[in-house]
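Worksheet: one structure, shown below.
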Amino acid sequence: IAGGLGNSTLAAVTNHGAVKAATAGGGLVGSTLIRKADGTYSDVVIASGHNYGAVEAKKKAGGVVGEAQAMLLSCYNKGTVYSSNGEAGGLMAFGPAAVIQDCYNNASVRGGITGGLIGACHYYILTASANLGTVHSDKDLAGGILALGGTRGMINYCTNYAPVTSLGDD
């Protein structure tokens, strides 16, 4: 739907096409990064967003968003997600902050830091969401819901239903 966005709201949006990106790729939004130097992001709210297309990116690949400060409500991903050299998440690859409610991933996710819903996030609230797709990390951490969380977060009523594997260095 969008490669990059400022402060935005998307409602009832669907992607059926494959997405391939160098840095950040998402089925609905690639990135909301404003300034790389200080890690400033715009806010995006996505309600009833659905992705069916495969998403592939070298650094950050997410079924719904690649890298964003985001609120996802009633969203789902059914397209495979692959990052060859970074974070991967069934819904979001990376975010400084995320609120995810009533969402699910139902496709395989593979990458470095790999999560069924989120690869890596500093501040997060995950509620009533689920992962049904296999999760595999080629290099680092893997988690059925979240692979790498920051200093503040909450996960409530979330369930992982699929296998999780990691072939990271020992």
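Throughout, read-outs are computed from the coordinates displayed, never taken from laboratory work. Since the model is a prediction, treat every value here as computed from it, not as a measurement. All Cβ positions, glycine included, derive from the backbone under ideal geometry; neighbour counts span all protein chains shown.
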One checks the Cα atoms of the chain and finds Rg and Dmax, in Å, of 13.5, 43
With x for Gly and Pro, the residue-by-residue ³J(HN,Hα) of region 54-65, computed from phi through the Karplus equation 6.51 cos²θ - 1.76 cosθ + 1.60 at θ = phi - 60° and given in whole Hz, is 5, 10, 9, 8, 5, 9, 9, 10, x, x, 10, 10
Sorted on mean Cβ neighbours within 10 Å (highest first), peptides 148-160, 47-59, 72-84 come out as 72-84, 47-59, 148-160
Here the percent of antiparallel bridges among DSSP beta bridges lying wholly in region 27-91, to the nearest 5, is 10
Projecting the Cα atoms of 115, 49, 3 onto the charge dipole of the chain, where Lys and Arg contribute +1 and Asp and Glu -1 at Cβ, the residue farthest towards the positive end is 3
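What is the magnitude of the charge dipole of the chain about its Cα centre, with +1 placed on the Cβ of each Lys and Arg, -1 on the Cβ of each Asp and Glu, and no other charges, expressed in debye to the nearest 20? Intermediate results must be reported in sequence, preceding the final value.
Details: 10 positive and 10 negative charges, 54 e Å.
In debye, rounded to 20, the chain gives about 260.
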Percent antiparallel among DSSP beta bridges confined to region 1-116, rounded to 5, stands at 5
Once both label points are put 7 Å beyond Cα along the C-beta direction, the residue 47-residue 12 separation in nm becomes 1.1
From the Cα centre of region 107-138 to that of region 1-35, the distance in Å is 18
